[in-house]
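Peer 1: Pasting in a structure now, in structure tokens, and then I'll have a few things to ask.
The values are calculated or read from the model by the stated rules, or taken from the named source; none is laboratory data. Keep in mind that this is a model prediction, so the values were computed, not measured. No Cβ is skipped: glycine too gets one built from the backbone with ideal geometry, and neighbour counts run over all protein chains shown. Keep in mind that these areas ignore ligands, DNA and RNA; they rest on the heavy atoms of the full protein, side chains included. Shrake-Rupley method; radii C 1.70, N 1.55, O 1.52, S 1.80 Å.
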Amino acid sequence: MHQLLRDFSVPAAFAGFITCLVGISVSAVLVIQTAQGLGANQAQISSWFWALCLGIGRCGLGLSWRFKYPVATSWSTAGLAMILASASNYSLHEAIGAFVVCGILTAILGFSGIFGRILAFIPTSLTAAMLGGVLLKFGVQLFSSLNESIGFIVLLLAVYVLSKRFMPRYSIVITVLAAMFSSPFFMVFEAPQLSWGITHPVWMTPEFNLAAILGLALPLLVINMASQYLPGIAIIQAYGYQPHVKHLIGWTGAVQSLLAPFGCFSVNTAAISAAISLDDQAHPDPKRRYIAGMSSGLCYLLVALFAATLTQALLSFPNLLITAVAGIALFGTISHNISLAFSDAEHREAALITFLMSASGVQFLNIGSAFWGLLLGLIVTLILRPKKAA
């Protein structure tokens, strides 16, 4: 406790608060969409937020304190979008079962140390193509909404582009706030009657279905590893720390598996928002920046307590607002993955096939297109692999 009081600083604590704010605001509406797509009711959606924020907060707080560097944790926006794209293929309880399996596999890969070897077998271009494919429709839906409210969509696009130019770190936060404040001028909107109270978690019994494990759990595992853990660990290293990879992956996976029956689909190291806690703006002394990671974790725990109120507020917004914000929030993820997918000339053909198959939305044997896209891409990669010189 003495060390904690000695190392505490207001800038670091505030950096942790901003890390949490960015992490939640970027894709909270996607959590609503995904849970609804799987058939969750309002109490179950609140439980999703409770479980996610509890797991993220516990891991961020505990790991930052243990290792004395900021460990920013979050849910996977990319994984969330993949679940949403596949939601029509599975029931809520089948999806919960897939989340449990994904968490267990993540913990095994982390604690065993074979995480790197597994990912090395799958070309990065294919995982990026798979993710880019399943996310494509969300970007398209944004522009399809121009027919519904051209003024609202154009306004949000203008706010996003301008904030990206002048305040890139907070562009999504600014866009979300602009959407909330401007929506009453473009559509029917009634201010919600919020009731404040402690959130009550809801148990959702997992159903373990082979199709859901292959079509949801495994693609989610790959996406989390590629889009969250790899960049999350890399950014910790970039700031001069030596991340404890086994523990970061193992413990977040274990917490996910324990909280999955309450709606926790992922607990990962943060990728984008992590830089806020790691930067020297949090504190000029790298040894005292862990306070930012602990602060972020504490903020998530507070959100978990009042997750039901957060859910009430989010559910009050019109569907058009949620669709628009979700599409804009995924711009960076879509563009990054499409760029990465086709940057490697050697795997470009396989990446294109993976991308198109994943974007198709088709399913065979009740298994979604993300799995088949990745599998097809791996087969094409093996067939087209250049022959080694004799």
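Peer 1: Any chance you could count how many residues in the stretch 205-231 are open to solvent by less than 10 Å² (accessible area, probe 1.4 Å) and either free of Cβ contacts under 8 Å to residues at least 60 places away in the same chain or touching a Leu at 6+ places or on another chain (Cβ under 6 Å) (or both)?
Peer 2: Adding up the residues that qualify gives 2.
Peer 1: I need a count of the residues in the stretch 137-156 that are open to solvent by less than 40 Å² (accessible area, probe 1.4 Å) and assigned to a helix (DSSP H, G or I).
Peer 2: 8
Peer 1: Being open to solvent by 10 Å² or more (accessible area, probe 1.4 Å) and in contact with a Cys (Cβ under 6 Å, 6 or more places away or on another chain), is that true of even one residue in the stretch 27-36?
Peer 2: No.
Peer 1: Further, regarding this structure: Report, by residue number, each residue of the stretch 160-190 that is under 11 Å from Ala324 (Cβ atoms), more than 22 Å from the chain's Cα centre (by Cα) and not small (Gly, Ala, Ser).
Peer 2: Answer for the stretch 160-190, where residues must be under 11 Å from Ala324 (Cβ atoms), more than 22 Å from the chain's Cα centre (by Cα) and not small (Gly, Ala, Ser): Phe186, Met187.
Peer 1: To continue, here is another question. Of the numbered conditions (1) assigned to a helix (DSSP H, G or I); (2) in contact with a helix residue (DSSP H, G or I) (Cβ under 9 Å, 6 or more places away or on another chain), Arg117 satisfies every one except a single condition; which is it?
Peer 2: All conditions pass for Arg117, except number (2).
Peer 1: Across the stretch 232-265, which residue is least open to solvent (accessible area, probe 1.4 Å) among those that are among the hydroxyl-bearing types (Ser, Thr, Tyr) and part of a helix (DSSP H, G or I)?
Peer 2: Residues of the stretch 232-265 among the hydroxyl-bearing types (Ser, Thr, Tyr): 239, 241, 252, 257.
After this cut, where a residue has to be part of a helix (DSSP H, G or I) as well, the list is 252, 257.
Values: Thr252: 0, Ser257: 25 Å².
Checking each candidate, the answer is Thr252.
Peer 1: Moving on. In the stretch 291-348, which residues are outside any helix (DSSP H, G or I) and among the aromatic types (Phe, Trp, Tyr)?
Peer 2: Phe306, Phe317, Phe342 - these are the residues of the stretch 291-348 that are outside any helix (DSSP H, G or I) and among the aromatic types (Phe, Trp, Tyr).
Peer 1: Among the candidates Ala178, Ala211, which residue alone is more than 30 Å from Val362 (Cβ to Cβ) and assigned to a helix (DSSP H, G or I)?
Peer 2: Ala178
Peer 1: Give the residues of the stretch 38-93 that are surrounded by fewer than 24 Cβ atoms within 10 Å (Cβ to Cβ) and in contact with a Pro (Cβ under 7 Å, 6 or more places away or on another chain), sorted by residue number.
Peer 2: Hit for the stretch 38-93 is His93, nothing else.
Peer 1: I've got another one for you. Is it true that some residue in the stretch 1-17 is touching an Asp or Glu at 6+ places or on another chain (Cβ under 9 Å), more than 23 Å from Leu310 (Cα to Cα), surrounded by fewer than 21 Cβ atoms within 10 Å (Cβ to Cβ) and at pLDDT 85 or above?
Peer 2: no
Peer 1: Here is a further query. Only one of (1) in a loop (DSSP other than H, G, I, E, B); (2) open to solvent by 70 Å² or more (accessible area, probe 1.4 Å) is not met by Val202, so which one is it?
Peer 2: (2)
Peer 1: Take Val267 and tell me if it is among the hydrophobic types (A, V, I, L, M, F, W, C), under 16 Å from Asn224 (Cα atoms), modelled with pLDDT of 90 or more and in contact with a Lys or Arg (Cβ under 7 Å, 6 or more places away or on another chain).
Peer 2: no
Peer 1: So for the stretch 62-75 (the condition being among the hydrophobic types (A, V, I, L, M, F, W, C), in contact (Cβ under 8 Å) with a residue 24 or more places away in the chain and either touching a strand residue (DSSP E or B) at 6+ places or on another chain (Cβ under 6 Å) or farther than 22 Å from Leu258 by Cα (or both)), does at least one residue qualify?
Peer 2: Looking through the stretch 62-75, at least one residue is among the hydrophobic types (A, V, I, L, M, F, W, C), in contact (Cβ under 8 Å) with a residue 24 or more places away in the chain and either touching a strand residue (DSSP E or B) at 6+ places or on another chain (Cβ under 6 Å) or farther than 22 Å from Leu258 by Cα (or both).
Peer 1: For the list (1) polar (S, T, N, Q); (2) over 24 Å from His247 (Cα atoms); (3) at pLDDT below 85, I need the number of the one condition that Gln44 fails.
Peer 2: For Gln44, the exception is condition (3).
Peer 1: For the stretch 343-353, enumerate the residues that are crowded, with 16+ Cβ neighbours inside 10 Å and modelled with pLDDT of 90 or more.
Peer 2: Ala350, Ala351, Leu352, Ile353
Peer 1: Output the residue which, of all residues in the stretch 355-366 that are at pLDDT below 90 and in a helix (DSSP H, G or I), is most open to solvent (accessible area, probe 1.4 Å).
Peer 2: Ser360
Peer 1: May I ask you to say which residue of Leu136, Leu126, Leu156, Leu162 is closer than 26 Å to Ile18 by Cβ and touching a residue at least 24 places away in the same chain (Cβ under 8 Å)?
Peer 2: Leu156
Peer 1: For the stretch 41-87, which residues satisfy the criterion of being in a helix (DSSP H, G or I) and of a type in the set (Val, Ile, Thr)?
Peer 2: The answer is Ile45, Ile56, Thr77, Ile83.
Peer 1: Can I ask one more? On the given criteria, is Leu21 farther than 20 Å from Leu92 by Cβ, open to solvent by 30 Å² or more (accessible area, probe 1.4 Å) and aliphatic (A, V, I, L, M)?
Peer 2: For Leu21, the condition - farther than 20 Å from Leu92 by Cβ, open to solvent by 30 Å² or more (accessible area, probe 1.4 Å) and aliphatic (A, V, I, L, M) - is met.
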